[in-house]
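Participant: This is the structure I want to talk about, given as structure tokens.
The values are calculated or read from the model by the stated rules, or taken from the named source; none is laboratory data. Since this is a predicted model, take the numbers as computed values, not measurements. FYI the Cβ positions are ideal-geometry reconstructions off the backbone, even for glycines, and counts take in every protein chain you see. Only protein heavy atoms, including side chains, enter the accessible area calculation; ligands, DNA and RNA are left aside. Shrake-Rupley method; radii C 1.70, N 1.55, O 1.52, S 1.80 Å.
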Amino acid sequence: MPVRRALRVVRRYWRVLVRYSMRYTAPARRAWRRSLQLRVVTITLLASSLLVGTFGAFIADRSAEILLSRADDEARSALNTKVKFAYDQLTLYPQPRDPQLPRALTELVDDLFAGESTARGNTVISIRAEGSPDLKAVVVPPSVDTSDLITPEMVKAVTGPDGGVSRQIRTTVFQGETIKYLVYGSPVTTRFGQVELYYMVPLTSEDQDANLMGTTVLATGLALVILLGVVAALVTRLVVTPVRVAARTAQRLSAGLLDQRMKVDGEDDLALLAAAFNQMAANLQRQIVRLEEMSRLQRRFTSDVSHELRTPLTTVRMAADLIFSERDEFDPAVARSAELLQAELDRFEELLTDLLEISRFDAGFAALDAEHTDLVPIVERVCERLTGLAERVGVELELRLPDTPVIAEVDPRRVERVLRNLVGNAVEHAEAKPVQITMATDDAAVAITVRDHGIGLKPGEERLVFNRFWRADPSRARQTGGTGLGLSISVEDARLHGGWLEAWGSPGEGAQFRLTLPVRAGDRLVAAPLPLIPRDRTAEVS
């Protein structure tokens, strides 16, 4: 249990850490995603830094090896000379107990040290006689502690049965300064036995040269990386700038500024791109202007035809009303024709009214006459007017309305028209099953859903239902005698309010339409108080 508790604590802190890191790195990640120039320069800097760093490290390491090898050759050559000189001097003493031998060793070391080049300071020379305990070690300069330089391992390598020349690199403190030494040890065979000559050469100049070379390589590499970054930025800018100009020009074109063009400089690939973009923009402008003119003529034609049809329709309506009122005196066939004429004239009038309304939306002349209205009576009034139709097709209307008034700033005429279309369509497609009308509200929005359990909608048809004159089943007879423009006008009415009109459907499970309106006119909708997918359907899926 303690382990699990600890793991939970670790996971919780890890999630907090990830969340905070994602929050604070969001600007950098956003800049990385949006800036091609930043990505190119960053990748160039990283790649060049890796390449230059690897090459610089190799150069610095190789240079240090060359300097050390040169110092090693010099030290070995000097050691051989000193070993020969020591051999020549010590052959004069046949016995290790000769009283002159200690003084001779001291003078020998002094002579060897005096012959050392003054260009390399802090050199240390020492002679030991491990096989003759009576002879003390001699060190010049005498103030140097050679215990850090001449290790027991090195002494054993020099004085052992297979002893010979030994080499190592050691570091010690000399006169308050830490110095790296190249230490050579070699046996010297004499008449009285063997002594060991240790030659300790400081590597100060080599270290300084290696550090200077490393600093030079680092500075050169850093300057090269910066130069590559600047070059990459300039080259990328040459490519990115025309692309950014093209993006801004495309945004202006999409915003309706069709006269925007790119500046064409030179004859290179970018200039060819700008020229092709300008040609495309010109062609689009011509096509859009042509389509706008055609659309304007079409809207004007529809509006003019609708208005012009009003006058003959009025005359035909008066004559049809007169015939319809006298139908009881006609033969049954003529009476039936009068009824059909009256019904089709009613549908024709509705179609003209809808066409005029659509033309107002297309022309941008539709205006919202908003006022504070209680939406509950509007829903009840719509359902009351459609009760006769619902009873005729065997559909029950179920109202689920709040007990308190629902006040919103809307155009009551347009809202009632939307609800009339939604409820009428639901009754027509309910397949004799109940239709639920639900309303809910919060501080910002009011939502009304109309749910039927009829034939439903196929995938993708929830977007097509709002198209003009679209029908899911063209062979299906209309019960309400609609014009095919009701949902198109309804969605325009919802947009005019700043609201939403959405649809959901599933084959064999019915459909649901949701109308969402802001409580205050002009407010922006964020969420709806009611879900678009019915709660019963959500419960089945879950």
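Participant: Stretch LEU291-LEU368 to full length: gain in nm at 0.36 nm per residue minus the Cα-Cα span? Each step should come with its number before you reach the end.
Facilitator: Working: separation 77, 0.36 × 77 = 27.72 nm, distance 2.79 nm.
Residue separation times 0.36 nm, minus the Cα-Cα distance, leaves 24.9 nm.
Participant: So what is the orientation-averaged projected area of segment 1-60, using the convex hull of its C-alpha atoms, in nm²? If you can, show how the numbers build up before the last one.
Facilitator: Numbers: hull surface 28.8 nm².
For segment 1-60, the mean projected area of the Cα convex hull comes to 7.2 nm².
Participant: Further question on the same structure: Using a 1.4 Å probe over the heavy atoms of the protein chains, calculate the carbon and sulfur portion of the accessible area of segment 122-191 as a whole percent.
Facilitator: Working: 1670 of 3640 Å².
So the carbon and sulfur contribution to the accessible surface is 46 percent.
Participant: Distance in nm between label sites at LYS458 and TYR93, each 7 Å beyond Cα in the beta-carbon direction?
Facilitator: With each label point 7 Å from Cα toward Cβ, the separation is 11.6 nm.
Participant: Please say if segment 369-451 is rounded, prolate or oblate, where rounded means a/c under 1.5 for a ≥ b ≥ c the square roots of the C-alpha gyration tensor eigenvalues, and otherwise the choice is prolate for a/b larger than b/c and oblate otherwise?
Facilitator: Values: a/c = 2.37, a/b = 1.82, b/c = 1.30.
Here segment 369-451 falls in the prolate category.
Participant: Across bins of 10 angstrom width beginning at 0, how are the C-alpha pair distances of the chain distributed, in whole percent?
Facilitator: All Cα pairs, binned at 10 Å, distribute as 3, 11, 12, 11, 10, 9, 7, 6, 6, 6, 7, 6, 4, 2, 1, 0, 0 percent.
Participant: For the chain, find the longest principal axis of its Cα atoms and tell me its angle to the long axis of helix 375-385, 0 to 90°, nearest 10.
Facilitator: Helix 375-385 and the main axis of the chain meet at about 50 degrees.
Participant: Share of Cα-Cα pairs in segment 98-168 beyond 18 Å, in percent?
Facilitator: Numbers: 1182 of 2485 pairs.
Cα-Cα pairs of segment 98-168 separated by over 18 Å account for 48 percent.
Participant: Can you work out the FRET efficiency for the pair SER69 and VAL245, with r the C-beta to C-beta distance and R0 = 60 Å, to the nearest 0.05?
Facilitator: Between SER69 and VAL245 the formula returns 0.50.
Participant: Top to bottom by accessible area (1.4 Å), largest first, where do GLU177, GLU267, GLU416 land? Walk me through the numbers on the way to the answer.
Facilitator: On the way: GLU177 95, GLU267 185, GLU416 25 Å².
Highest to lowest solvent-accessible surface, that is GLU267, GLU177, GLU416.
Participant: Then there is this: Take the Cα atoms of segment 316-458, build their convex hull, and give its volume per residue in Å³. Please list the in-between numbers first.
Facilitator: Values: hull volume 25.5 nm³, N = 143.
Residue-normalised Cα hull volume stands at 179 Å³.
Participant: Once all Cα-Cα distances of segment 243-292 are split into 5 Å bins that start at 0, what whole-number percent is in each one?
Facilitator: Result, from short to long distances: 5, 23, 29, 23, 12, 6, 2, 0 percent.
Participant: Something else about it: Between GLN194 and GLU326, what is the label-to-label distance in nm when each label sits 7 Å out along the Cα-to-Cβ direction?
Facilitator: Spacing of the two 7 Å Cα→Cβ label points: 15.1 nm.
Participant: Binning every alpha carbon pair distance of segment 42-165 at 10 Å from zero, what are the percents per bin?
Facilitator: Computed distribution, short to long bins: 10, 30, 29, 12, 9, 7, 3, 1.
Participant: If a/c stays under 1.5 just call it rounded; otherwise compare a/b with b/c (prolate if a/b is bigger, oblate if not). Do that for segment 144-251, with a ≥ b ≥ c from the square roots of the Cα gyration tensor eigenvalues. Please list the in-between numbers first.
Facilitator: On the way: a/c = 6.10, a/b = 4.42, b/c = 1.38.
Note, shape of segment 144-251 comes out prolate.
Participant: Helix-derived [θ] at 222 nm for the chain: sum -39500 (n - 2.57) over DSSP H runs of at least 4, divide by residue count, nearest 500? Let's see the in-between values first.
Facilitator: Values: 14 runs with 305 residues, N = 542.
About -19500 deg cm²/dmol.
Participant: Multiplying the sequence separation of ARG167 and ALA114 by 0.36 nm and subtracting their Cα-Cα distance, what value in nm do you get? Intermediate values should be presented prior to the final figure.
Facilitator: Working: separation 53, 0.36 × 53 = 19.08 nm, distance 2.26 nm.
Result for the pair: 16.8 nm of gain on full extension.
Participant: Checking the cross-link filter: which lysines have an alpha carbon closer than 19 Å to that of LYS136, excluding same-chain neighbours under 8 positions apart?
Facilitator: Cross-link targets: LYS156.
Participant: List the aspartates and glutamates whose Cα lies under 18 Å from the Cα of LYS433, skipping any in the same chain that are fewer than 8 positions away.
Facilitator: GLU384, GLU391, GLU396, GLU398, ASP452, GLU509, ASP536
Participant: With no solvent and one equal point scatterer per Cα, compute the Debye intensity ratio I(q)/I(0) for segment 21-103 at 0.14 Å⁻¹ and report its log10, rounded to two decimals.
Facilitator: -0.78
Participant: Can you give the FRET efficiency for LEU227 and ARG103, using 1/(1 + (r/R0)^6), R0 = 51 Å, r = Cβ-Cβ distance, to the nearest 0.05? Present the calculation step by step, with values, prior to reporting the outcome.
Facilitator: Details: r = 66 Å, r/R0 = 1.29.
Here the calculated transfer efficiency is 0.20.
Participant: In addition: Can you give the FRET efficiency to the nearest 0.05 for ARG336 and ARG385, using r as the Cβ-Cβ distance and R₀ = 35 Å? Don't jump to the answer; show the numbers that get you there.
Facilitator: On the way: r = 26 Å, r/R0 = 0.75.
It comes out at approximately 0.85.
Participant: Also: Through the Karplus equation 6.51 cos²θ - 1.76 cosθ + 1.60, θ set to phi - 60°, convert the phi angles of segment 387-398 into ³J(HN,Hα) values in whole Hz; use x for Gly and Pro.
Facilitator: Once rounded to whole Hz, the list reads 4, x, 4, 4, 5, 5, 9, x, 10, 9, 8, 10.
Participant: State to the nearest 20 debye the size of the charge dipole of the chain about its Cα centre, where the only charges are +1 on K and R beta carbons and -1 on D and E beta carbons.
Facilitator: Numbers: 67 positive and 71 negative charges, 244 e Å.
For the chain, the charge dipole is close to 1180 debye.
Participant: So, one more: Ranked from the most accessible area to the least, with a 1.4 Å probe and all protein chains present, what is the order of HIS372, HIS497? Write down the numbers at each step before the final one.
Facilitator: Details: HIS372 140, HIS497 15 Å².
So the residues, ranked largest to smallest area, are HIS372, HIS497.
Participant: What figure in square angstrom, to the nearest 10, would you give for the accessible area of VAL235 with a 1.4 Å probe?
Facilitator: Counting only protein heavy atoms, the figure is 80 Å².
Participant: How do GLU502, GLU344 rank by accessible surface area computed with a 1.4 Å probe, from largest to smallest? Don't skip to the end; give the middle numbers.
Facilitator: Numbers: GLU502 55, GLU344 110 Å².
Descending order: GLU344, GLU502.
Participant: Over the chain, average the accessible area per residue using a 1.4 Å probe and give it in Å², no decimals. Before the final figure, lay out the partial values.
Facilitator: Values: 32460 Å² over 542 residues.
Spelled out: the 1.4 Å probe surface of the chain, per residue, equals 60 Å².
Participant: Okay, next question. Please report, in whole Å, how far the alpha carbons of segment 205-275 spread along each principal axis, starting with the longest.
Facilitator: The Cα atoms of segment 205-275 stretch 74, 26, 10 Å along the principal axes, largest first.
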